[in-house]
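The block underneath contains the structure these notes are about, expressed in structure tokens.
The values are calculated or read from the model by the stated rules, or taken from the named source; none is laboratory data. Keep in mind the model is a prediction, meaning the values are calculated, not measured. Note that we place each Cβ from the backbone using ideal geometry, even for glycine, and neighbour counts take in every protein chain shown. Keep in mind that these areas ignore ligands, DNA and RNA; they rest on the heavy atoms of the full protein, side chains included. Shrake-Rupley method; radii C 1.70, N 1.55, O 1.52, S 1.80 Å.
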Amino acid sequence: MRFFGGMPNLSPSILGADFSRLGEEIASAEKAGVSYFHLDIMDGHFVPNISYGPAIVKTIDGITDRFLDVHLMISEPEKYFEDFVKAGADAITFHLEARPEPIEYAKQIKAFGVEAGISINPDMPVEKALPFLERFDWLLIMSVFPGFGGQKFIVESLDKVRTARQYIRDKGLSTKIAIDGGVDASNYAGVVEAGADLLVMGTAFFGATDRAALVKKIDGQA
Ligand code: DX5
Ligand code: ZN
């Protein structure tokens, strides 16, 4: 699938949706104008929480044709690349903390014909990820410690976005920058200004009274 870039995009994190009405939540997000969905996979080992697996991703893929951005917060992520590709992932992101030598895994993901992303936690300096960016389609900067939705945005993450943006520009790379955790109506403008291409939003998106207005504000921002 294509990247709807040129301006930032909002990617609703399904973790923030009402799972008893998942189909309606997805339809409502589509109607609000989103082009992406962010799917958080947690294994109770890499992070202290368990979410859902390929079966739910497949269910979601069956009801939307939007870009499915799968965020693996799991140990030994490569064991599951194929399962998530088969389930309908358009991009697979894993953590540098899980695989400090990530290049081989980027190759594996791309060999399946989907985009590859590398993610870093708030306590990982962005400089550690920079040398690998030419191999990845996405850099996902965590602005909370992963494991749960609804946490407070860590402001220092903005410096990481700026540093990565500068590096990507200087090297002429096409890697896109996504930010994940605690992004809401009060802080998204700063994130965009720092240079993020994709804003993941769980609580703030599914809790918004006017989802369409939020999408319009973010996707329409130059
Ligand atoms: C955090 C997840 C995030 C989370 C975002 O572990 O990776 O994607 O769902 O949710 P909010 O926007 O509520 O922080
Ligand atoms: Zn996530």
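Of all the listed residues (I63, I92, I103, I109), the sole one being closer than 27 Å to L130 by Cβ, in contact (Cβ under 8 Å) with a residue 12 or more places away in the chain, among the β-branched types (V, I, T) and open to solvent by 10 Å² or more (accessible area, probe 1.4 Å) is I103. Restricted to region 71-89, and to residues there that are without any contact (Cβ under 8 Å) to a residue 60 or more places away in the chain and aliphatic (A, V, I, L, M), the residue that is nearest to ligand 1 (Cβ to nearest atom) is L72. As a summary of the residue check, L72 satisfies the conditions (1) assigned to a helix (DSSP H, G or I); (2) surrounded by 16 or more Cβ atoms within 10 Å (Cβ to Cβ) except for the one numbered (1).
When region 127-149 is filtered for residues that are in contact with a helix residue (DSSP H, G or I) (Cβ under 9 Å, 6 or more places away or on another chain) and outside any loop (DSSP other than H, G, I, E, B), the ones remaining, listed by number, are E127, L130, F132, L133, E134, R135, L139, I141, M142.
Quick one: which of I41, I60 is more than 14 Å from ligand 2 (Cβ to nearest atom), under 13 Å from I14 (Cα atoms) and out of contact with any helix residue (DSSP H, G or I) (no Cβ under 6 Å at 6 or more places or on another chain)?
Testing whether each residue is more than 14 Å from ligand 2 (Cβ to nearest atom), under 13 Å from I14 (Cα atoms) and out of contact with any helix residue (DSSP H, G or I) (no Cβ under 6 Å at 6 or more places or on another chain) leaves just I60.
Selection within region 140-166: residues that are surrounded by 17 or more Cβ atoms within 10 Å (Cβ to Cβ) and of a type in the set (S, T, N, Q). The member of this set that is farthest from ligand 1 (Cβ to nearest atom) is T163.
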